[in-house]
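The values are calculated or read from the model by the stated rules, or taken from the named source; none is laboratory data. Because the structure is a prediction, the values reported are computed rather than measured. With ideal geometry, Cβ positions are generated from the backbone for all residues, glycine too; neighbour counts draw on all protein chains shown.
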C-alpha cells in the first residue's frame, strides 16, 4: 500500500443506516429503500462520504434482516431490486459511496439451501452447513462445548430430520455455512459479485471473525474475561479469528479486486470492512499486506471510560498497529449497543467532546443514524422485546435488574425510528401509521428539524466537523501526533494533525475534566514511535469549539470543562 496513493476509503466518513427505522415512504410503519433515497440529501448536508445500509435482503425478519433467505433479492417490505439499484445510482449522483451489509457466516433457516441441507444426509447440499453427530447415548448431547455469541446456550441445534446437530454461532435460526465446501464459497462469492456488478462500493461484513472454525471441532478453553465490555467465559480460539478465517479474508479481497479499474484503482476500489473482535494485534492480521480486508472496526470506543487516559492509551495502541497508510476505524454507536448520549448520563457537553474526538482522529469515523442529533435509548420492557437476542437469552432477567445495568439487553431500544421532526411519529412515517417500534417521546425537542441551523446544536456540530474534515487535508489524510499529558491538567488530551510538508496544522484539544484547563498551543508534540516532533509558535484560529466560553489569548486557550476545540495553526 503506497502512502501517497489516494484511495477513497482512507478519507471517507461512514454513516450507518438501519433501513427499518430510517424513513418510511409508504406509510406501513416500516422504513424502506425509497425512504432512504428521499433522505440522501440529509447525508450530503451532514458531510459524510459513505452510507452503509444494514441488511435489506430477502429474509423472514426473525433477526430483522441478519437472517437472509436470498442474498440476491430485496425483502418486499423494503422495496424491490430496482429500488436497490436506484438507491446506488442516486447516492453516486450525490457523490456518496454505498456499502451493503453482507452476512457471510450464516443464513436464515428458511433459506432454500438450508431447507435442502436438513432434509437428509445425502442430498446435494447436505454438506453446505456445519453438521455433526452428537455425543453420549443416541448422540443427543452437543458435539463439543462451543457456545453461541451470547455464551448463555450451546451453539449447536438439534435437527430431528437428520438426527444430527447443526452449528448456529449466533441465534438458533441462523445456521452457519460450511465454507470448507468449495461450492458454498463459490455460491457466496457469486452473491458478492451480484451486488458489485450493480455498483455497490463495498461491504460491511457481519461477525466475519467466525466464518471458519476449527476443522477438528476441538473444545474452546475455559477463561472468563471481558471482551469489549461483554462477559466471556471461553477463549474462542477454535471458533473465532482462526488462521483459515484470515486466509478467507484474502480470498474475498481477490473477489472485490476483480472490480477495481486499472485506470483509477484508488477511486474504483471496492472495500471490505470487517466486524471482527479481538486485540489490536489480532485485528491487524485481517488487513495483511494490503491483500485482506481494507478496514476493521475497533470497538473499544463502544465501551470507553470517559477520561483522557483511556483515549490516549487506545490512540497510541491503534497508531502503533495501524500506521499510515493503514487506517483505524472508530465507532461510538451502532445498532447493537447503547446510545452515546445515554452512556454519558445525558450530558450533551460530554457527547459533543466525543463527537470532536471521533471526527478529528486519524482514521475512518463511523456514525450511526441519529447520533448526529443525540438520539437516546428508548426505554422498553424486556418482556415486550422484538429483538430476538433479548427474547432468546435475557427474557428471564427481572426488569428491576435490567434498569440498573450499564448496557442495554434489548437492542430495540437503540433501533427506534429516526427523529426527523417534532410532529406525529417524528416524521418517520405518516401520522396515522403505527411505527414498528415506538418513537422516543423526546422527539418533540430532539429532531433534525429542530436542530437545523441552530448554533450549538449537536447536528450543527457534526456538520461543522465533517465538512471541516473534508476540507482540510491534515484531517482526512494527515498524520497524528499526541502531545504529552500535562500534569496540571491530566484530563486534557491534545493532538496535532499534519499532512506532509504542507504548512497547515490542526490542533485538537479535548477537556474530559470537570474544571477549566489552560492549553499552551506552542508546546511541542510528542511523536509516536520515532516520528518527527512538530514545531511550536504559530498564529491560532479557532475552527470549531463546543463551548462558547472558550477563551483564546495569543497561543493559549482556556478550555471550559467537558469541552473540545479544533484550531488551526
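Here are a few things to note about the model shown:
- Within the stretch 197-208, the set of residues being touching a strand residue (DSSP E or B) at 6+ places or on another chain (Cβ under 7 Å) and outside any strand (DSSP E or B) comprises 200, 201, 206, 208.
- Exactly one residue out of 133, 127 is touching a strand residue (DSSP E or B) at 6+ places or on another chain (Cβ under 9 Å) and either under 24 Å from residue 60 (Cα atoms) or free of Cβ contacts under 8 Å to residues at least 40 places away in the same chain (or both): that is 133.
Listed here are the residues, each with its yes/no results for (1) in contact (Cβ under 8 Å) with a residue 12 or more places away in the chain; (2) surrounded by fewer than 15 Cβ atoms within 10 Å (Cβ to Cβ).
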position	(1), (2)
417	yes, no
431	no, yes
445	yes, yes
451	yes, no
455	no, yes
461	yes, no
466	yes, no
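- Residue match in the stretch 488-506 (condition: at pLDDT below 95, surrounded by 19 or more Cβ atoms within 10 Å (Cβ to Cβ) and assigned to a loop (DSSP other than H, G, I, E, B)): no
- Criterion applied to 284, 337, 270 was being touching a helix residue (DSSP H, G or I) at 6+ places or on another chain (Cβ under 6 Å), assigned by TED's automatic domain parsing to the domain that holds residue 235 and modelled with pLDDT under 95, and the one residue passing it is 337.
- Residue 480 vs. criteria over 30 Å from residue 385 (Cβ atoms), outside any helix (DSSP H, G or I) and modelled with pLDDT of 95 or more: yes
- Strands (runs of 3 or more DSSP E) wholly inside the stretch 278-377 that include at least 3 residues being surrounded by 23 or more Cβ atoms within 10 Å (Cβ to Cβ): 295-298, 364-368
- Test result for residue 28, under 17 Å from residue 369 (Cβ atoms), surrounded by fewer than 18 Cβ atoms within 10 Å (Cβ to Cβ) and assigned by TED's automatic domain parsing to the domain that holds residue 363: no
- Any chance residue 536 is modelled with pLDDT under 85 and loosely packed, with under 12 Cβ neighbours inside 10 Å: no
- Condition check for residue 196: assigned by TED's automatic domain parsing to the domain that holds residue 91, at pLDDT 95 or above and on the phi < 0 side of the Ramachandran plot: yes
- Residue in the stretch 172-185 that is nearest to the chain's Cα centre (by Cα), counting only those that are assigned to a loop (DSSP other than H, G, I, E, B) and within 20 Å of residue 238 (Cβ to Cβ): 174
- Check on residue 111, surrounded by 22 or more Cβ atoms within 10 Å (Cβ to Cβ) and within 27 Å of the chain's Cα centre (by Cα): yes
- Residue-level analysis places residue 101 outside the set of residues that are in contact (Cβ under 8 Å) with a residue 12 or more places away in the chain, buried (at least 18 other Cβ atoms within 10 Å of the Cβ) and over 17 Å from residue 197 (Cα atoms).
- Some residue of the stretch 228-246 being under 25 Å from residue 291 (Cβ atoms) and without any contact (Cβ under 8 Å) to a residue 12 or more places away in the chain: yes
- Just one of (1) in contact with a strand residue (DSSP E or B) (Cβ under 9 Å, 6 or more places away or on another chain); (2) at pLDDT 95 or above; (3) surrounded by fewer than 17 Cβ atoms within 10 Å (Cβ to Cβ) fails for residue 511. It is (3).
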